[in-house]
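A short worksheet on the structure shown next.
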Amino acid sequence: MREMKDSGVEWIGEIPIDWAVSKIKFVAKSNLNALSEDTAATQMIDYIDIGSVTYTNGIELVQRFSFDEAPSRARRVVHIGDTIISTVRTYLKAVAYIEKEYDGFIASTGFSVLTPNQGLNRKYLYYAVSSHSFISEVESNSVGISYPAINDSVLIDLKSVFPALKTQHRIADYLDAKCAQIDRAIARQQEAIEKLKEYKLSVITEAVTKGLNPDVPMKDSGIEWIGKIPEGWNVSSLGYNVDLIQTGPFGSQLHAEDYTDEGVYVINPANIQNGKLYLEGAPTISNQKATELSQHLLALGDIVFARRGEMGRCACIEDDDQYFCGTGCMKVKCGSSLSPKFAILYLQIPFMKQYLELNSVGTTMANLNSSIISRIPMIIPPFCEQEEIVVFLRHRSVLSDDAIAGKQKIIDKLTEYKKSLIYEVVTGKREV
C-alpha cells in the first residue's frame, strides 16, 4: 500500500507522499484567446453556450450563428485539449474537454477556458477539475442566489492534485477507458428510456386524437397530420376554447434585482419539462412584488406556456401554491369546454411541436406570441370524454414512468460510481 500524507486541503484529504497540490493558475492559463468583434463581424461561428454543456455528457449542442447575430457573450475561442468550466450558473456544473471536433469553436464568456501549461497532461487537467469534489468547491465559492457565479480569478486560485507527468499519463489513459465503459452502460439505459418515452407519447397521441373506443365511427378531421377522429368530436382552435391568453410581464416590470432568496416561484421556460414544473433553480420574488403584478400570478388549472426556446413546453398548475408567470412564458386559462389536463396531454403530441416550430417567429431564437398560441388547432372531445382520457392516461403514465424511473436509478448509480472513481483516482486514493 502506498504511503500517504495530508494534502492540507479538506476536500482532497490524503494524497500519495510524492504527489503535489497546486493552484490551477500555476499549471494552466485561463481565457487565452478571445474573438475580436472588429475582425470577426461577418464570419460564421460555432457557439457553445452554458446551457448546452452538462457535467454528465459534456458538450451536447453547438449552435451556428453569423457573429453579428450571435449572443453578445460569444467570445472565448477554444482549442483541442482545453477544458471549459462554467463560471456563471455554477449549479449547472457545466464542464467539458475540447476534442478535435470542437477546435476553434467559440464559447460563452460564462466559461473559463483552461489551457494546460507544457509538462501537464491535458486530459489529466480535465479529470482534476471535473472531479465532483472540485466542482463542489467551485459552487461553494460562487456568489449570488438565483444566478450564482464565480470570478475567473477565484476559480483558478482553487487547488487540485498533480502527480508526476508519467503518473498523469497513466491516470488519464485509465480514466479514459473506464469512463468510456461507464458511459456506454449509461447510454444503453438512456436509449431504453427514450424508447419508453416514445411508447408513452404514442399512447398519448392515440388517446387524444382517436379516443379510447376503437369501434366508434370516425370522420375526417380536415387536419392532415391528425387524420380521422371520432364522429362526436369537434375541430377547433385553442383560442376558441380558452378565456385568457396572456404574456408574462415586460422586462421593464420585472428586473433581476426583484429576485429574492424566498417567496413566490417565477416560472421561466427552463422550469417547464415534460409537461411538468421543475422548480430547481427557479428564481423567486417577494409576495409584495407578486401582488403588484397580480395579473401574472398563476392559479390552479392555469396552463403556463414557454414562448421561446424549445417549442411546445407547457405545464398545468395542479396545486394551490402560488406561482408567477415569468417574462419568457404565457399563461392560458381554459374555458368550460376544455379540461386543462386534457389540453396539456394534447399539446405534448409530436405534431404540436412541429406546428409551433413552423409558425414561430424570430431569427436567433424561435418565439411564440398570443396570436400563434390562439391559432393552435385543437381536437375537442365532449368534456366527459376528456376526463376519461385524462384518467386513462394518468394510469398508463404511472406504468411508463415507473419503468423509466427504474432505468434512471441505474443511470444515477453509474453516474455516482463514475464521480467517485474520478475523485479516488485523481487524488491517489485508488492506485492505477
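Worth a mention:
- Cβ-based charge dipole, the range 132-243, positive-most Cα from A172, A149, V203: A172
- Against the rule of thumb 2.2 N^0.38 Å, how large the Cα Rg of the range 358-427 comes out: 2.00
- Anisotropy class of the range 4-163 from Cα gyration tensor, a/c 1.5 cut: prolate
- For the range 6-16, backbone phi angles converted through the Karplus equation (6.51, -1.76, 1.60; θ = phi - 60°) give residue-by-residue couplings of 6, 6, x, 10, 4, 6, 7, x, 7, 9, x Hz, Gly and Pro being listed as x.
- Choice from A403, A96, A172 with maximal GNM fluctuation in the chain (Cα, 10 Å cutoff): A403
- Other residues within the sphere of radius under 12 Å centred on the Cβ of A172, judged by their own Cβ, net out at +3 (K and R +1, D and E -1).
- Charges were assigned to the Cβ only: +1 to each Lys and Arg, -1 to each Asp and Glu. The resulting dipole of the chain about its Cα centre is roughly 920 debye.
- Basic side chains Lys and Arg get +1 at the Cβ, acidic Asp and Glu get -1 at the Cβ, and with that the dipole of the range 18-107 about its Cα centre reaches some 440 debye.
- Over the range 97-196, volume per residue of the alpha carbon convex hull, in Å³: 161
- Selection from Q354, A282, H296, by position along the positive dipole direction of the chain (Cβ): Q354
- The share of alpha-carbon pairs in the chain lying farther apart than 32 Å comes to 49%.
- Amide H contacts under 5 Å for S221, placed H, 5+ residues apart: G227, K228, I229
- Placed amide H near T87: partners under 5 Å, 5+ positions off or other chain: F111, S112
- Amide proton proximity set for S237, modelled H, under 5 Å, gap of 5+: M378
- Charges were assigned to the Cβ only: +1 to each Lys and Arg, -1 to each Asp and Glu. The resulting dipole of the range 240-308 about its Cα centre is roughly 300 debye.
- Residue exposure sequence - R76, R64, R396 - by fewest surrounding Cβ within 10 Å: R64, R396, R76
We did not get these values from a lab; they are worked out from the coordinates using the rules stated. Computed from a predicted structure; not experimentally measured. Cβ atoms come from the backbone with ideal geometry, glycine included; neighbour counts cover every protein chain shown.
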